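The structure under discussion appears below in the form of structure tokens.
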Amino acid sequence: MCARQDEIAALNTRVFIISFGTLPAVQQWMSETCTTFTVLLDRERTVYNAYGLERSRLRAFSPRTLWLYATCHLRGKQMHSSHGDDTSQLGGDFIVDKNGLLRLSYPSHDPVDRPAVEALLRVLRELPSQ
Amino acid sequence: MKTVPTFTLTSASGEQISLSEVLKNGNHALLVFLRHLG
């Protein structure tokens with residue numbers, strides 16, 4: 001998504017990354033990934049709950065998630081600890097238009113399940129510019 | 001189409017961000033909820 005940030009900004013859209021991690025963990029994550037988007041802290045997961053994002057240990061460790069972890073390990077990618085955070089909490093993606101209307105709701109079925117950036121851009125391009 | 005819950009959260013840089021203020025300023029919002037950061 002970082003690679004498409006100019007395109008997203010041109011569509012009059014602000015991106016907010018929301019995390020329930022601690023501030024030090026978020027800062028470390030930001031230093032290793034994309035730092036240009038605003039990262040918001042939701043330690044109590046109040047907003048996660050308001051948007052209906054579920055916790056599921058079964059889905060958090062689905063076969064395809066375990067396969068991803070295994071391939072990352074085999075490629076030598078370093079995996080970080082969960083910092084004691086809840087590993088069963090699932091994420092998701094939502095697009096809200098400027099009138100406060102929900103235009104896309106994509107709660108992740110499992111940790112690997114995320115919408116393609118192109119699919120997000122398609123929704124954003126259809127939103128009214130004025 | 002339904003309206004979404006609004007919220008105010010603190011950013012990693014300490015700024016208070018209100019979704020309703022962002023929308024009021026004429027921006028759309030893409031919300032990306034992360035899993036744990038491990």
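What follows draws every value from the coordinates through simple rules; no lab data is involved. All of these numbers come straight from a predicted model, not from anything done at the bench. Cβ atoms come from the backbone with ideal geometry, glycine included; neighbour counts cover every protein chain shown.
As a footprinting exposure proxy, order A:L58, B:L19 by other Cβ within 10 Å, with the fewest listed first.
Listing A:L58, B:L19 from fewest to most nearby Cβ atoms yields A:L58, B:L19.
Using Cα pairs under 8 angstrom and six or more residues apart, how large is the relative contact order of chain A, in percent?
Worked out over chain A, it gives 23 percent.
Tell me which aspartates and glutamates have Cα within less than 19 Å of B:K2's Cα, excluding those fewer than 8 residues away on the same chain?
Candidates past the 8-residue exclusion: A:D93, A:D97, A:E126, B:E21.
Mind sorting A:T65, A:T13 by how few other Cβ atoms lie within 10 Å of their own Cβ, fewest first?
Lowest count first: A:T65, A:T13.
Would you mind checking the radius of gyration and Dmax of the protein assembly as shown based on alpha-carbon positions, in Å?
Looking at the protein assembly as shown, its Cα Rg and Dmax stand at 15.8, 49 Å.
With n ≥ 4 as the cut-off for DSSP H runs, can you work out [θ] at 222 nm for chain A, using -39500 (n - 2.57) per run divided by the number of residues, rounded to the nearest 500?
-9500 deg cm²/dmol, from helical runs alone.
Against the longest principal axis of chain A, how steep is helix A:23-32, in degrees 0 to 90 to the nearest 10, with axes from Cα atoms?
80
For the range A:14-130, what is the charge dipole size about the Cα centre, in debye to the nearest 20, if Lys and Arg each add +1 at the Cβ and Asp and Glu each add -1 at the Cβ?
Dipole of the range A:14-130, to the nearest 20 debye: 180 debye.
Please report the net charge: other residues with Cβ closer than 14 Å to the Cβ of A:L127, K and R +1, D and E -1.
Here the count lands on +2.
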